[in-house]
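The values are calculated or read from the model by the stated rules, or taken from the named source; none is laboratory data. The shown structure was predicted, so the numbers you read here are calculated from the model rather than taken from an experiment. Methodologically, a virtual Cβ is constructed for each residue, glycine included, from the backbone with ideal geometry; neighbour enumeration extends over all protein chains shown.
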Amino acid sequence: MTKENEMTRMNMTRLCAAIAALSTALLLSTGIGQAAEKPQEELSSAVIMPDTARTVFQVQKNGKWGSITADGTEVVPLVYDSIFTYAEGYLIVQKNGRLGIIRTDGTQIVPTAYVNIKPPMDDIIVVRDEKDKVGAYDLSGTLLLPAAYASIQPMGHGILCIGEEYDQYHLCRRDGSRLTDEMFYSVEPFSEGRAAVIRKKGEPYGYIDETGNMVIPPSYDRAEPFHEDRAAVNIDKKWGFIDRSGAMVIAPQFHKLGHPKGFHEGYALVMKGKKITYIDKTGKTPFKMQWSNVRAFYDGLAEVSHSRDTSTLANLGSAVTSCLTLAAGAPLYEDDGSIIDDGARRGYINTSGTEVIPATNDYTTMFKDDIALVKVHGQWGAVDRSGTYIVPPQYSKMHYFCDDLAAVYDGRKWGYVGRDGIMHIPPAYDEAGDFHEGLTRVRAADDVLIIDKTGQIAFHLPAGLEFPWHFSAGIAPIIKDGKWGFIDRSGSIVVSPQYSAVLLYDVLWMMGSSM
């Protein structure tokens, strides 16, 4: 493989990770409420989980998938058409066009008999059979409800929403006994002991408690889940907020809600007139708004920006690049066209409205391990949560920190800087990966090396071997003549190249609609 092809492959790997992570973000942000109308089509997909250390690897041989441990021991036989991570300790497998669930040791939990399986919620597995009927298991493999329903939705606290038809729902317990005899047209998930419901089509929303009793009378055109003892409700196309007793604590007056649609760390984002602003739990604006774009608070900080152009594309580019590269592990932040330059100046404020990180940066990333990357006048650096530079902006390219070191590019070569701001490994490489378990791959001219965190060479990668990933559980995948195997930290081959594919990421099974 040429240097150019190798770099293209590495960049494509990161791109695929980011795209897959975007799928995760979008699926998680759509909510889990019951639809009042029957879904037109159920879509299934797989998305990449945030990078974590792995001790079991999914491998393919002769067109079939299974799993091996770090020493090459086969723990799941290679008999499946596909295999994905389902939950910690569980795998979803496909065989002869049907899906099932197994433990990572190969123990069968749910038989391979279903056309679709929903991600676990409240330790409940929802399945759909070939007759389009839905049932449920728990994570021990016990059948809770047979496949006999139009839909099943775990609501939390052991409560299930059962759809006899797609606009007729009732609530039951895990053993199938009814929580209440009342039927509903729509039911949203429980949050803080309340769930928004519609009894009949065309009626307003009210809220029930976990016994099924209507504790907040139907009064609202739209109703959101409770967060921090407040729920957003809509009356006559204006939003206000109620408390858990149903008292209107902030009168309906807002045209739109920000995201998330509720309070987070004491504040909510709302659109008042033509301006978006923060409000506290009494409805007051806590400080003067002087930014054109703001986001919700997380861990006491919120990203803000002064923008010349508030275009959706620019905002999407900013959000996607920041969020999704985090999920992919330790991606690139480079001047390679991946960052949209919209003329905005970004920073972070605290809950008092003080700019902890002044809104003067071309770009700011999300915080990861209390560090954010910032771009100033085309150069990358890093700041801590107090706004102090730990790495002054001076690099044209920069990675996130992994194993306390970040790859940086000075315009000529790659090196590694620490969280202390010190250059631990001087720039000397044409390519640089990210450290995992104290080792990483670099290239100097034609020499591909595995180095440790002091810059010492652990071993030279032999000619003919590709190193497409990183170390996990003491081994790393390699490719030789199109076949995949594994090497250990000394560079010795511990699993001979014999597999046609290895899943480099923990791939999590997801679905695009509720069942």
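The table for this structure:
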{"read-out": "Odd one out for Ile478 among (1) part of a loop (DSSP other than H, G, I, E, B); (2) crowded, with 16+ Cβ neighbours inside 10 Å", "value": "(1)"}
{"read-out": "Evaluation of Tyr389 against (1) more than 30 Å from Pro468 (Cβ to Cβ); (2) of a type in the set (Phe, Trp, Tyr); (3) at pLDDT below 95 (one fails), failing number", "value": "(3)"}
{"read-out": "Positions within the range 449-485 being within 30 Å of Val417 (Cβ to Cβ), within 31 Å of the chain's Cα centre (by Cα) and among the aromatic types (Phe, Trp, Tyr), in sequence order", "value": "Phe467, Trp469, Phe471"}
{"read-out": "Strands (runs of 3 or more DSSP E) (entirely within the range 193-281) containing at least 3 residues that are at pLDDT 95 or above, closer than 26 Å to Ser177 by Cβ and within 29 Å of the chain's Cα centre (by Cα)", "value": "195-198"}
{"read-out": "Residues (among the β-branched types (Val, Ile, Thr) and either outside any strand (DSSP E or B) or more than 27 Å from the chain's Cα centre (by Cα) (or both)) located in the range 96-108", "value": "Thr104, Thr107"}
{"read-out": "Matching option when the condition is closer than 30 Å to Thr211 by Cα and in contact with a Pro (Cβ under 6 Å, 6 or more places away or on another chain), among Asp138, Asp122, Asp175, Asp167", "value": "Asp122"}
{"read-out": "The lone exception for Glu164 - which of (1) in a strand (DSSP E or B); (2) surrounded by fewer than 16 Cβ atoms within 10 Å (Cβ to Cβ); (3) in contact with a Lys or Arg (Cβ under 9 Å, 6 or more places away or on another chain) it fails", "value": "(3)"}
{"read-out": "Residue count for the range 355-406, restricted to those that are in a loop (DSSP other than H, G, I, E, B), under 20 Å from Ala344 (Cβ atoms) and among the β-branched types (Val, Ile, Thr)", "value": "1"}
{"read-out": "Residue check, Asp369 under 28 Å from Glu466 (Cα atoms) and at pLDDT below 95", "value": "no"}
{"read-out": "Some residue of the range 420-433 being outside any strand (DSSP E or B), more than 27 Å from Leu78 (Cβ to Cβ) and among the aromatic types (Phe, Trp, Tyr)", "value": "no"}
{"read-out": "Residue selected from the range 167-209 under the condition exposed (fewer than 15 other Cβ atoms within 10 Å of the Cβ) and either acidic (Asp, Glu) or without any contact (Cβ under 8 Å) to a residue 12 or more places away in the chain (or both), by the criterion nearest to Ala147 (Cα to Cα)", "value": "Asp175"}
{"read-out": "Extreme residue, modelled with the lowest pLDDT, among residues of the range 460-472 that are hydrophobic (A, V, I, L, M, F, W, C) and surrounded by 16 or more Cβ atoms within 10 Å (Cβ to Cβ)", "value": "Trp469"}
{"read-out": "Set Gly106, Gly89: member being at pLDDT below 90 and surrounded by fewer than 17 Cβ atoms within 10 Å (Cβ to Cβ)", "value": "Gly89"}
{"read-out": "Failed condition for Asp181, given (1) closer than 18 Å to Pro111 by Cβ; (2) outside any strand (DSSP E or B)", "value": "(1)"}
{"read-out": "Breaking point among (1) in a loop (DSSP other than H, G, I, E, B); (2) modelled with pLDDT under 50; (3) buried (at least 16 other Cβ atoms within 10 Å of the Cβ), for Ile340", "value": "(2)"}
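Let's see how each residue does on (1) assigned to a strand (DSSP E or B); (2) surrounded by fewer than 20 Cβ atoms within 10 Å (Cβ to Cβ); (3) touching a residue at least 24 places away in the same chain (Cβ under 8 Å):
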{"position": "Pro77", "(1), (2), (3)": "yes, yes, yes"}
{"position": "Ile83", "(1), (2), (3)": "yes, no, yes"}
{"position": "Val110", "(1), (2), (3)": "yes, no, yes"}
{"position": "Pro119", "(1), (2), (3)": "no, yes, yes"}
{"position": "Ile125", "(1), (2), (3)": "yes, no, yes"}
{"position": "Ser140", "(1), (2), (3)": "no, yes, yes"}
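Residue-by-condition table, conditions (1) among the hydroxyl-bearing types (Ser, Thr, Tyr); (2) under 27 Å from Val187 (Cβ atoms); (3) in contact with a His (Cβ under 7 Å, 6 or more places away or on another chain); (4) surrounded by fewer than 16 Cβ atoms within 10 Å (Cβ to Cβ):
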residue: Asp229; (1), (2), (3), (4): no, yes, no, yes
residue: Phe254; (1), (2), (3), (4): no, yes, no, no
residue: His259; (1), (2), (3), (4): no, yes, no, yes
residue: Tyr267; (1), (2), (3), (4): yes, no, no, no
residue: Lys275; (1), (2), (3), (4): no, no, no, yes
residue: Trp291; (1), (2), (3), (4): no, no, yes, no
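Results for (1) surrounded by fewer than 18 Cβ atoms within 10 Å (Cβ to Cβ); (2) closer than 23 Å to Val376 by Cα; (3) without any contact (Cβ under 8 Å) to a residue 12 or more places away in the chain, shown as yes or no for each residue.
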site: Ala407; (1), (2), (3): no, yes, no
site: Gly411; (1), (2), (3): yes, yes, no
site: Tyr416; (1), (2), (3): no, yes, no
site: Asp430; (1), (2), (3): yes, no, no
site: Val448; (1), (2), (3): no, no, no
